[in-house]
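Heads up: the structure comes next, in structure tokens.
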Amino acid sequence: MFKGFYTVATGMVAQQRKTEILTNNMANANTPGFKSDQTTIRSFPDMLMSAVNSTTIPTENGFTVKNLNTVGAVNAGVYLQETMPNQAQGQIYSTGLNTDIALINSSMPTDETSGNSGQIFFRLENESGTESYTRNGNFTLDGQGNLVNPQGLFVLDANGERLQFDNDNIRISSDGAIFDENDVQVGTLGVAFSENPDVLVKRDNGLFNTLDGIDLPSAYGQANVQFSMQQQYLEGSNVDASKAMTDLLTAYRAFEANQKVLQAYDKSMEKAVNEIGRVN
């Protein structure tokens, strides 16, 4: 009976966490560069149940073995195994702002270990001085003319240096070259490449970090890595709102079903305590 309580409780916790993740996806359906989170629910290993009072059975060579009086297998519930961001390209849309840039994947190599395609990111300098990465190209100029992201992190060039301009009258070509108002090249927008983006740590505000703190290599010159940029455009979120809503309702119904089972267990326990043990 009590094992049933634990099994149902794990199901409710897993569905609650899934609901929270799906809700966050839907809340960011209009966030530039946002990558939706995907979840995997897995069951705990089954446990083999046996009777408490086991007997022994003699064998031909004189040894005895225990007869476990096997009852059967019981499942210990489920858990949310992992959450992985979906790195698929989002839709590109126009903004008309010179400091908005969209990264467009053309061809990415496949990682032999994970089987997933590589991914490219804009390079940012975070608060600790190391690099963070994002697909959100919604940039602007701060008071000193530095190109920054919405959280104020500095956008880096291909050499890992901050980009600074006198004004936003700049032109960025499809290969990342940056030209000033006199059409003189003043830098190249920094782009990093990850062979397996699943190992990156997803942070708030659409940022990614490496696990070991080592900066990702530049995407320029990487074999089989082809990409382009489009100025005055942004990459939208890759959240499928209709699918997210359907999954959210499914998770909610699964939570309700577990809740009903929990209530049934509770009534059975109440009956056992108040009626079965009653002395007439």
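List of remarks:
- Qualifying residue in segment 124-138 (condition: in contact (Cβ under 8 Å) with a residue 40 or more places away in the chain, surrounded by fewer than 22 Cβ atoms within 10 Å (Cβ to Cβ) and closer than 22 Å to Q231 by Cβ): yes
- Within segment 107-117, no residue satisfies the criterion of being surrounded by 16 or more Cβ atoms within 10 Å (Cβ to Cβ) and either over 14 Å from E195 (Cβ atoms) or over 21 Å from the mean Cα position of the chain (by Cα) (or both).
- Residue ID - farthest from P217 (Cα to Cα), chosen from residues in segment 154-178 that are of a type outside the set (D, E, K, R), in contact with a Ser or Thr (Cβ under 7 Å, 6 or more places away or on another chain) and outside any loop (DSSP other than H, G, I, E, B): I178
- Some residue of segment 84-106 being without any contact (Cβ under 8 Å) to a residue 60 or more places away in the chain, part of a strand (DSSP E or B) and open to solvent by 40 Å² or more (accessible area, probe 1.4 Å): no
- Whenever a residue of segment 202-221 is over 27 Å from D175 (Cβ atoms), its partners that are modelled with pLDDT of 90 or more and among the aliphatic types (A, V, I, L, M), lying with C-beta atoms within less than 7 angstrom and at least six residues away or across chains, give the pairs L211/V201.
- The listed residues are L216, L249, and the only one of them that is part of a loop (DSSP other than H, G, I, E, B) and within 27 Å of the chain's Cα centre (by Cα) turns out to be L216.
- Residues that are under 14 Å from the mean Cα position of the chain (by Cα) and of a type in the set (K, R), drawn from segment 1-46: R17, K18, K35
- For Q144, the stated conditions do not hold, so it cannot be described as assigned to a loop (DSSP other than H, G, I, E, B), at negative phi, in contact with a helix residue (DSSP H, G or I) (Cβ under 8 Å, 6 or more places away or on another chain) and free of Cβ contacts under 8 Å to residues at least 60 places away in the same chain.
- Scanning segment 255-271 for residues that are touching a Gly at 6+ places or on another chain (Cβ under 7 Å) and open to solvent by less than 50 Å² (accessible area, probe 1.4 Å) yields a count of 1.
- For beta carbons closer than 8 Å, sequence separation of 6+ or different chains, a first residue in segment 27-38 that is closer than 12 Å to N138 by Cα and a second that is of a type in the set (S, T, Y) and in a loop (DSSP other than H, G, I, E, B), the qualifying pairs are T31/S237; P32/S237; G33/S237; F34/S237.
- Only one of the numbered conditions (1) at pLDDT below 95; (2) part of a loop (DSSP other than H, G, I, E, B) is violated by N136, and that is (1).
- Check on I120, open to solvent by 10 Å² or more (accessible area, probe 1.4 Å), assigned to a strand (DSSP E or B) and farther than 17 Å from G213 by Cβ: no
- For segment 163-179, the criterion of being surrounded by 19 or more Cβ atoms within 10 Å (Cβ to Cβ) and of a type in the set (S, T, N, Q) is met by none of the residues.
- Condition check for G4 on (1) at pLDDT 75 or above; (2) farther than 28 Å from Q222 by Cα; (3) surrounded by 14 or more Cβ atoms within 10 Å (Cβ to Cβ): one failure, at (1).
The values are calculated or read from the model by the stated rules, or taken from the named source; none is laboratory data. Given the structure is predicted, the values throughout are model-derived calculations rather than measurements. Backbone-built Cβ (ideal geometry, glycine too); neighbour counts: all protein chains shown. Surface accessibility is based on the protein's heavy atoms, side chains included, excluding ligands, DNA and RNA. Shrake-Rupley method; radii C 1.70, N 1.55, O 1.52, S 1.80 Å.
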